[in-house]
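For reference, the structure is listed below as structure tokens.
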Amino acid sequence: MKKQNNGFKIGCIVLFLGLTIYYLFPTLQWNLEQRHMASMTESERIQYENENLAKLQSLRERSLSLGLDLQGGMYVTLEVGTPQLILELAGDFADDYLEDVIRTAADISFEQNTNFVDEFVDEFERRDPDAMLSRYYRSDAANITRRSTNSEIASYLREQQTAAVERAIEIIRSRVDRFGVTEPGILQQGNNRIVVELPGVDDEERVRDLLRGTARLEFRLTPETDEINNVKQQFTNYFSQLEEEADSLNENGETKNLLEIFDLRGPTQYSFGYAAARDTAEVNRILQQEEVQSLIPGNMSLLWSANSFAQDNGFELYEKIAVRSQIELTGDVISEARVAFDPNTNAPEVSMTMDSDGGRRWARITGANIGRPVAIVLDQRVYSYPTVRSQINNGRSSISGIGGVREAEDLVNILMSGALPAPLEIIEERTVGASLGEASIRAGLYSVMFGLGVVAIFMIVYYRTGGGIADIALMLNIIFILGILAGFQATLTLPGIAGIVLTIGMAVDANVLIFDRIREELRGGKTLRAAIDNGYANAMSAIIDANVTTFFVAVILYSFGVGPIKGFAVTLMAGIVASLFSAIVITRVIVDYLTREKTSVVSFG
Amino acid sequence: MRWFETPNFDFIKAHNIAYFFSGGLIVISLVAIFTMGLNYGIDFRGGQEFVFEFDRPVDVVELRSELQEPLGTVPEIKLFGSDREILLRIDTEEDITQTRQTLLANFENIYPGSTVTVQKTDLVGPRFAEDLRRGAFYSIIFALAVVFIYIFIRFKGWYFSAGAIAALAHDVLIVLGIFTIMGELAPFDVSIDQAIIAAFLTIVGYSLNDTVVVFDRIRENSIIYKTMNFTDMINKSLNDTLSRTVVTSVTTLFVVSVLFIFGGEVLKGFAFALVLGVILGTYSSLFVASALVVELQKRAMKAKP
């Protein structure tokens, strides 16, 4: 009976070991390949990679992947601006009242951690139970008419919200793919968040722009220079008057006089003024003030230039450009975009082709504005404002004033991936440099080795043969953990390694419980074999209870934690399962084998 | 080797000293937390955090004062492992690209000709930070609730649950207190972030391990020694399991110390919380949890007519 039982146990051990090796094998191969490739020259490596593309790819996919904190890279959480989306869906029906409802609902949904659309509908009905959402929302496609009920519109808005997030994910995936990142991770989190993981990326700024760019391309006309100068004059008057009054008022150290940081003598006649990069936020703040806003006519907008035009004391200077508020043409009409070079200056630019409808409108706009500039605005920043020389009939246009070829490529990427349905905000961003990642891997490895060494020696000193057996189980335990991680395609993070180290210390606990119990039974006068049987049997309930509770805690950690912390929870869970198996089953088989003769002696210290 | 082979300590009798000691620590912790406030890290406070590596040793005090003017606020700066690496934390609404440029430009002013590499950047928006805070809070409450229910079911007595939970709360509270008091003084980052919450939950799991093993022995002994009074039985159970408690604590303390020493700068705070947790967890399961069970059980008995 007992023999059979052990046969089953041995079968289990062999099966688990086999599975572990099966799952860990690609990782081993992948490491060898990488080492092999590192010894090659650049050209050899590229050739080798091309020849073995499929094989390398499959190896990489199946091998145990390292978290961004270990291999370096960028982790970004984006939030889809649902309130903005709901406002924009109302289109021309939107008014101040709707905006106010949306703002309140956004606050409530944040406070209570609930879905924004639900809160919006609730708030709308709370303010006026009889009000109809159909006043604001129509859609032919979704069959939303003047007679649609509030609940019909609510579900329409929810669909739109889901669709917007899905579309945003698609667009981001296409942008990231064009950018060229190996193994990017893009997934939805909650109902309006998107997590983007980009291993090996170190050009954060570029990625940031790439992810955030809503690709809202606009063509706008510019005001007459007289009009601009007129407003400038009013600015000068307003702020010099403020200056006179300010001496007594200006105690809180805030800049009151815009003109100290914002120079109205811009480089061209259409620029409204310029400021150093570090002052742009302050300039925006002052321009937002009501009294200042009232100086600017409704049909004029002041937008920042996309690129700096000069440097001053190491600070980049940016100009505010006066454009018309009305948008003549949007990027929807762009059918193709590519990088081109200005034949005269050889500067990179993006050349765009419009569809037939856009081409017709473009011809009309250019025809009516010969000799005047048209501003090309992308995401609220003016790239260039070339003067129209003649009517353009072929639907072509280009964006010049671009910093470099890379930026031009990114722009093409953004334009071709399509416009985001709603603005995305970066709410979390973490980057780890490759060298810190390497240092972390090294630190993790040392910790595992030292931890293992110290515990293994202690166990042998304290429990003699028993300790040695526990050590074998401990080694297998670590291999099992890695196998489980690889098998479930989990990612190994630095906290994950910490989890493994911790498991080393706690994994011996089950054996300590068992061996102490065996010692106790021996003290009670039992034979070695009876003591072993009783020791294993009596220690079981404590082992189970202790591990089940710890496992619960790990599950909770997994469901609430994000990023690397999830990795910690996963290794903790894997560690509990593996250590239970190795401490109870593997040591038992070894102990039984060593005590198979009646006369055999195994020391438990 | 054998430790505590047949010990016979009176743990329950020592509980007055333990209560005094634990009570003192808890009061100090609470006072520290309420007067100084929890030292939230970037995850729970929001803001921007950078790790820079310089090619030469830097002076943290000098950097702090030199950066105050251009940043418009005093940044939190701490050495990060060596005297050439710093951890810089700043609360700002500015774009992270902008902050980074401002910082690098100013480093060039302060240490002309030095090369600075950015090792790590973290940006957490204020709303996201609040979400993380909420998540952390719920995860701890949830963990304690699950533990309470599980122990209640397995050991059939609310006083076992209450004793275990009190011991866990005791451990977490004191670690929080130590982290708060150490604040700026510690030579490594001891701010409370997600990793520390993970450490807390691990402490909860670990401390629970110890407690559950003792409770299990109490359950077993209460069947074998039916006539023994409750206090003596608990004392016997504590002594029976003492050797195991000490051995497991020693091995776990070994590994968390290894993690603290060799685990690298990123894990320092996390490993430190674990070291404290293992020590406190062992202490509380020996002196606090069981003593509370005895106390609660006695009161429950008295309450019954």
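The table for this structure:
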{"item": "Enumeration of residues in the stretch A:199-211 that are crowded, with 18+ Cβ neighbours inside 10 Å and within 22 Å of A:Ala419 (Cβ to Cβ)", "result": "A:Val207, A:Arg208, A:Leu210, A:Leu211"}
{"item": "Answer from B:Lys236, B:Lys268 - the residue that is crowded, with 20+ Cβ neighbours inside 10 Å, in contact with a helix residue (DSSP H, G or I) (Cβ under 8 Å, 6 or more places away or on another chain), in a helix (DSSP H, G or I) and of a type in the set (Lys, Arg)", "result": "B:Lys268"}
{"item": "Any hit, the stretch A:492-510, residues being surrounded by fewer than 23 Cβ atoms within 10 Å (Cβ to Cβ), part of a helix (DSSP H, G or I), out of contact with any Lys or Arg (no Cβ under 8 Å at 6 or more places or on another chain) and assigned by TED's automatic domain parsing to the domain that holds A:Arg588", "result": "no"}
{"item": "Evaluation of A:Arg430 against (1) in contact (Cβ under 8 Å) with a residue 24 or more places away in the chain; (2) in contact with a helix residue (DSSP H, G or I) (Cβ under 7 Å, 6 or more places away or on another chain); (3) farther than 27 Å from A:Ser308 by Cβ (one fails), failing number", "result": "(2)"}
{"item": "Failed criterion for A:Ile565 (all others in (1) more than 7 Å from chain B (Cβ to nearest Cβ); (2) buried (at least 24 other Cβ atoms within 10 Å of the Cβ) hold)", "result": "(1)"}
{"item": "Any hit, the stretch B:183-197, residues being more than 14 Å from chain A (Cβ to nearest Cβ), in contact with a Leu (Cβ under 9 Å, 6 or more places away or on another chain), without any contact (Cβ under 8 Å) to a residue 60 or more places away in the chain and farther than 19 Å from A:Phe560 by Cα", "result": "no"}
{"item": "Condition broken by B:Phe44, with the remaining ones in (1) closer than 26 Å to B:Pro126 by Cβ; (2) more than 10 Å from chain A (Cβ to nearest Cβ); (3) in a strand (DSSP E or B) satisfied", "result": "(3)"}
{"item": "Members of the stretch B:100-134 that are within 23 Å of A:Glu79 (Cβ to Cβ) and either charged (D, E, K, R) or more than 7 Å from chain A (Cβ to nearest Cβ) (or both)", "result": "B:Arg100, B:Lys120, B:Asp122, B:Pro126, B:Arg127, B:Ala129, B:Glu130, B:Asp131, B:Leu132, B:Arg133, B:Arg134"}
{"item": "For B:Thr97: the one exception among (1) within 11 Å of chain A (Cβ to nearest Cβ); (2) in contact (Cβ under 8 Å) with a residue 12 or more places away in the chain; (3) part of a helix (DSSP H, G or I)", "result": "(2)"}
{"item": "Condition check for A:Thr549: facing another protein chain (nearest Cβ under 7 Å) and closer than 26 Å to B:Ala143 by Cβ", "result": "yes"}
{"item": "Positions within the stretch A:84-105 being among the aliphatic types (A, V, I, L, M) and touching a residue at least 24 places away in the same chain (Cβ under 8 Å), in sequence order", "result": "A:Leu85, A:Ile86, A:Leu89, A:Ala90, A:Ala94, A:Leu98, A:Val101"}
{"item": "Only listed residue being modelled with pLDDT of 85 or more and more than 14 Å from chain B (Cβ to nearest Cβ), chosen from A:Gly367, A:Gly418, A:Gly444", "result": "A:Gly367"}
{"item": "Restricting the stretch A:589-605 to residues that are within 57 Å of the chain's Cα centre (by Cα), away from every other protein chain (no Cβ under 14 Å) and of a type outside the set (Asp, Glu), the residue that is nearest to B:Met1 (Cα to Cα)", "result": "A:Val602"}
{"item": "Top-ranked residue of the stretch A:421-441 - restricted to ones that are facing another protein chain (nearest Cβ under 9 Å) and over 18 Å from B:Glu265 (Cβ atoms), ranked as farthest from the chain's Cα centre (by Cα)", "result": "A:Glu425"}
{"item": "Search result, residues across the stretch A:157-175 that are touching a helix residue (DSSP H, G or I) at 6+ places or on another chain (Cβ under 8 Å) and not hydroxyl-bearing (Ser, Thr, Tyr)", "result": "A:Leu157, A:Arg158, A:Gln160, A:Gln161, A:Ala164, A:Ile171, A:Ile172, A:Arg175"}
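Per-residue answers, yes or no, for (1) in contact with a helix residue (DSSP H, G or I) (Cβ under 9 Å, 6 or more places away or on another chain); (2) within 13 Å of chain A (Cβ to nearest Cβ); (3) farther than 30 Å from B:Ile279 by Cα:
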site	(1), (2), (3)
B:Tyr19	yes, no, no
B:Phe34	no, no, no
B:Gly37	yes, no, no
B:Pro70	yes, yes, yes
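The values are calculated or read from the model by the stated rules, or taken from the named source; none is laboratory data. Everything numeric in this text was worked out from a predicted model, so none of it was measured. Cβ coordinates were reconstructed from backbone atoms using ideal geometry, including for glycine residues, and neighbour counts include every protein chain displayed.
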